[in-house]
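Remarks on the structure that follows.
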Protein chains: 2
Amino acid sequence: MAKHDPDLSLLFHALADPTRRSILTRLAETPARVTDLAGPTGLRLPTVMRHLSVLEEAGLITTSKDGRIRTCAIVPEALDPVRTWLDEQRAIWEARLDRLDAFVMQVMKESEE
Amino acid sequence: MAKHDPDLSLLFHALADPTRRSILTRLAETPARVTDLAGPTGLRLPTVMRHLSVLEEAGLITTSKDGRIRTCAIVPEALDPVRTWLDEQRAIWEARLDRLDAFVMQVMKESEE
DNA sequence: GCGATAGTTAGCGACATGGCTAAGCATGAT
DNA sequence: ATCATGCTTAGCCATGTCGCTAACTATCGC
């Protein structure tokens, strides 16, 4: 299957790492410097930089450099595509819930092997 | 940072692959056999099996075997933790939106380097 | 200028991922 | 019993990920 959905893949992949999620949560409180973000994680600077570039490529954060200090901040609307995808899925899933329900019950029963 | 959130990581990782998302969308319509799922993807059976086990370990699908046929179905509530996390994040992010707003504007301006 | 500070780049090692083929096993149809 | 079908397992290869260290660059304070 082709990669006709690069945004979602980037986003989900960026969110799949606990360190990156904790960085996001930290940034949600207030923008921060790279070193400030590295502190709580216990990781080295280059490692944190990598995480930050993953987050930035996914569009989840922006960074800007003032002097020798790089400041990072979240991009609040970046999660919108994820939310949209979830909503779409839920819509489809719920539309079929009646049909699935019976099936899942059957599966549950059978998986008592 | 420790991995005190294995569920979300598994879920996000499972969702980060377009093939797996397309399998999910396909399964949202109706349960299907492994071969049925392999067809549209153009991938070989063992490859699809791997994707399916990733989805199953993330709790996104259940599978059951009847005779020699394995049938797969989505687990509708599996996306709930993702949705919950998104809601939490949005809550925090929006609470700080005023503060962030000014900052992001500044970042935007500065990134015209 | 000099040293400390903040970030960056390069590159390594261990391991995971995503694709494949080949071969095996189990079941259903004949 | 035999054969086709459907899945499973084992293992290979290329690439990607996540951590690190070491060394480099760029600023800031003095």
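Applying the selection to the stretch A:1-19, what residues are open to solvent by 20 Å² or more (accessible area, probe 1.4 Å) and either modelled with pLDDT under 90 or farther than 19 Å from B:VAL54 by Cβ (or both)?
A:MET1, A:ALA2, A:LYS3, A:HIS4, A:ASP5, A:PRO6, A:ASP7
Does A:PRO81 qualify as being at the interface with another protein chain (Cβ under 10 Å from one of its Cβ atoms) and touching a Leu at 6+ places or on another chain (Cβ under 8 Å)?
Judged against the criteria, A:PRO81 is not a match.
Determine whether the stretch B:43-59 contains at least one residue that is out of contact with any Asp or Glu (no Cβ under 9 Å at 6 or more places or on another chain), more than 13 Å from DNA strand D (Cβ to nearest atom), within 11 Å of chain A (Cβ to nearest Cβ) and over 16 Å from A:LEU11 (Cβ atoms).
Checking the stretch B:43-59: not a single residue is out of contact with any Asp or Glu (no Cβ under 9 Å at 6 or more places or on another chain), more than 13 Å from DNA strand D (Cβ to nearest atom), within 11 Å of chain A (Cβ to nearest Cβ) and over 16 Å from A:LEU11 (Cβ atoms).
Given the criteria touching a residue at least 12 places away in the same chain (Cβ under 8 Å) and touching a Ser or Thr at 6+ places or on another chain (Cβ under 6 Å), does B:VAL48 qualify?
no
Can you find even one residue in the stretch A:47-56 that is at pLDDT 90 or above, closer than 11 Å to A:PRO31 by Cβ and among the β-branched types (Val, Ile, Thr)?
Checking the stretch A:47-56: not a single residue is at pLDDT 90 or above, closer than 11 Å to A:PRO31 by Cβ and among the β-branched types (Val, Ile, Thr).
Which is under 17 Å from the mean Cα position of the chain (by Cα) and without any contact (Cβ under 8 Å) to a residue 24 or more places away in the chain, of A:THR41, A:THR84, A:THR30, A:THR35?
Just a single option satisfies the conditions, and that option is A:THR84.
The values are calculated or read from the model by the stated rules, or taken from the named source; none is laboratory data. Everything quoted here is computed from the prediction, not taken from an experiment. Glycine also receives a Cβ, built like all others from the backbone with ideal geometry; neighbour counts cover every protein chain displayed. Heavy atoms of the whole protein, side chains included, go into the accessibility calculation; ligands, DNA and RNA do not. Shrake-Rupley method; radii C 1.70, N 1.55, O 1.52, S 1.80 Å.
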